[in-house]
Amino acid sequence: MFAQNCYRSTEKQTNMSHSDAEIKLDVREIDGEPFGDIMAALEELPSGETLHLINSFEPVPLYDVLEQRGYTHQTEQDGDVWHVFIQEAV
């Protein structure tokens, strides 16, 4: 079972270099600190898939945690919305 506010998407994204299979987690909808939800979603992330994190600000402190736990990320800004695409490092 995916963390609350997570859903699976197989939509083809344009101008983004990540896999077509992804789990989306919109942390803008989480009441309170989203770190636990993000970590839970990463634990449940199937191998080879992408966690698409959607946030209202760039989660810079998260980047070091991701690196320490063996993940890579790509961040894109679309107006007031930040999209962070997270995958296991290869």
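The values are calculated or read from the model by the stated rules, or taken from the named source; none is laboratory data. From a predicted model like this one, the values you see are computed outputs, not experimental measurements. As a convention, Cβ positions derive from the backbone with ideal geometry for all residues, glycine included, and neighbour counts pool all protein chains shown.
Taking the range 41-63, which residues are closer than 14 Å to GLU88 by Cα and either of a type in the set (Ser, Thr, Tyr) or part of a helix (DSSP H, G or I) (or both)?
Of everything in the range 41-63, those that are closer than 14 Å to GLU88 by Cα and either of a type in the set (Ser, Thr, Tyr) or part of a helix (DSSP H, G or I) (or both) turn out to be ALA41, LEU42, GLU43, GLU44, SER47, THR50, TYR63.
When you go through (1) crowded, with 16+ Cβ neighbours inside 10 Å; (2) out of contact with any helix residue (DSSP H, G or I) (no Cβ under 9 Å at 6 or more places or on another chain) one by one for PRO59, which number turns out not to apply?
Of everything listed in (1) crowded, with 16+ Cβ neighbours inside 10 Å; (2) out of contact with any helix residue (DSSP H, G or I) (no Cβ under 9 Å at 6 or more places or on another chain), PRO59 misses just condition (2).
Does the range 64-90 hold any residues that are surrounded by fewer than 11 Cβ atoms within 10 Å (Cβ to Cβ) and assigned to a helix (DSSP H, G or I), and which are they?
ASP64, GLN68 - these are the residues of the range 64-90 that are surrounded by fewer than 11 Cβ atoms within 10 Å (Cβ to Cβ) and assigned to a helix (DSSP H, G or I).
For the range 31-67, give me each residue that is polar (S, T, N, Q) and either closer than 17 Å to HIS83 by Cα or modelled with pLDDT of 95 or more (or both).
THR50, ASN55, SER56
Which residue pairs have Cβ atoms under 9 Å apart, sit 6 or more places apart or on different chains, and have a first residue in the range 52-78 that is among the basic types (Lys, Arg) and a second that is modelled with pLDDT of 95 or more?
ARG69/MET39; ARG69/LEU42
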